[in-house]
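Novice: The structure is given below, and queries will be raised subsequently.
The values are calculated or read from the model by the stated rules, or taken from the named source; none is laboratory data. Model, not experiment: these values are computed from the prediction. Note that each Cβ is placed from the backbone with ideal geometry, even for glycine, and that neighbours are counted across all protein chains shown.
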């Protein structure tokens, strides 16, 4: 589907974009891949990686600017929406700015994609959008609902919207693994709570989930990758086995365990080999055979949380992954 197409990724200079762009160029050879973001320095640095590759274009702009989005989307077939204000404390202390990007920006993108005749849009979500406990999660829940409803707004037009949701991306900027690596030499690692658990996903797995969404989507689906969990204390043990742990308590807006599917969504959730799919409750779309596409309905009390996950990553497995990816951890 993506072969010889024109693709745009918002927030494309972030961690996900640094994985999505080279993987998509290699696998699908798109005619054009546009990185849309507002940070000129990040674009300058990223552009060095692609030299004279005429398929890669850079477009300065902000999802808050609907007119700029309309210009960037001219002739685009597929969009990945990765732009967001993501850091939980940043959102808590700058709520108006978070809403402008995560909510108003989503609305702008939906309208602009419909107006410009984009074929399919996949928006990146987060575990924090499921039963949100902080402003970032709340804005991403709203964003998810907007993209689902966008399929009604597009009407007879061909533009279709779907969402992918996943948890902690291993080794990404600002995440726990590079944070622990930076502190490992001091011999003490801060632990919020010894019970805390997190989902673990690689950027490559996230990219593959987006590719699958483009192929499978009818419109309005939320795709949730099946991934392993780890205790935060085990992550610390993998990074620095000899370090002492200093219990510092949970930060404002932080959850003890991550949740990607709550019991409220169980009525509309289907199980597949390596992912779950939450179908929209509106318009009886959750009963649509094309959207269900062979999935098995989950139990009515089903939840998918990092503490009740049947799949757990071992300390040794994470340690091997860190050694294999040490040059990339925390860099993107």
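This table checks each residue for (1) assigned to a loop (DSSP other than H, G, I, E, B); (2) closer than 24 Å to residue 253 by Cα; (3) at pLDDT 95 or above.
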position: 105; (1), (2), (3): no, yes, yes
position: 110; (1), (2), (3): no, no, yes
position: 113; (1), (2), (3): no, no, yes
position: 123; (1), (2), (3): no, yes, yes
position: 133; (1), (2), (3): yes, yes, no
position: 139; (1), (2), (3): no, yes, yes
position: 146; (1), (2), (3): no, yes, yes
position: 149; (1), (2), (3): no, no, yes
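Novice: Now for a separate question. From the list 156, 172, pick out the single residue that is without any contact (Cβ under 8 Å) to a residue 12 or more places away in the chain, assigned to a loop (DSSP other than H, G, I, E, B) and on the phi < 0 side of the Ramachandran plot.
Specialist: 156
Novice: Tally up the residues in region 115-143 that are within 18 Å of residue 63 (Cα to Cα) and either without any contact (Cβ under 8 Å) to a residue 12 or more places away in the chain or surrounded by 20 or more Cβ atoms within 10 Å (Cβ to Cβ) (or both), please.
Specialist: Residues that pass the stated criteria total 11.
Novice: Considering only region 175-197, I want to know if a residue exists there that is crowded, with 21+ Cβ neighbours inside 10 Å, part of a strand (DSSP E or B) and within 21 Å of the chain's Cα centre (by Cα).
Specialist: The answer is yes; a qualifying residue exists.
Novice: If I go through region 277-309 residue by residue, how many of them are touching a helix residue (DSSP H, G or I) at 6+ places or on another chain (Cβ under 9 Å), assigned to a loop (DSSP other than H, G, I, E, B) and within 23 Å of residue 122 (Cα to Cα)?
Specialist: Here the count works out to 4.
Novice: Quick one: in region 303-329, of everything that is surrounded by 17 or more Cβ atoms within 10 Å (Cβ to Cβ) and more than 16 Å from residue 229 (Cβ to Cβ), which residue is modelled with the highest pLDDT?
Specialist: 322
Novice: Condition (residue is in a loop (DSSP other than H, G, I, E, B), free of Cβ contacts under 8 Å to residues at least 40 places away in the same chain and surrounded by fewer than 21 Cβ atoms within 10 Å (Cβ to Cβ)) applied to region 74-86: is it met by at least one residue?
Specialist: The answer is no, given that none of the residues of region 74-86 is in a loop (DSSP other than H, G, I, E, B), free of Cβ contacts under 8 Å to residues at least 40 places away in the same chain and surrounded by fewer than 21 Cβ atoms within 10 Å (Cβ to Cβ).
Novice: Of the residues in region 264-276, how many are out of contact with any helix residue (DSSP H, G or I) (no Cβ under 8 Å at 6 or more places or on another chain) and assigned to a strand (DSSP E or B)?
Specialist: 3
Listed here are the residues, each with its yes/no results for (1) under 23 Å from residue 315 (Cβ atoms); (2) modelled with pLDDT under 95.
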site: 163; (1), (2): no, no
site: 186; (1), (2): yes, yes
site: 216; (1), (2): no, no
site: 220; (1), (2): no, no
site: 225; (1), (2): yes, no
site: 231; (1), (2): yes, no
site: 234; (1), (2): yes, no
site: 249; (1), (2): no, yes
site: 259; (1), (2): no, no
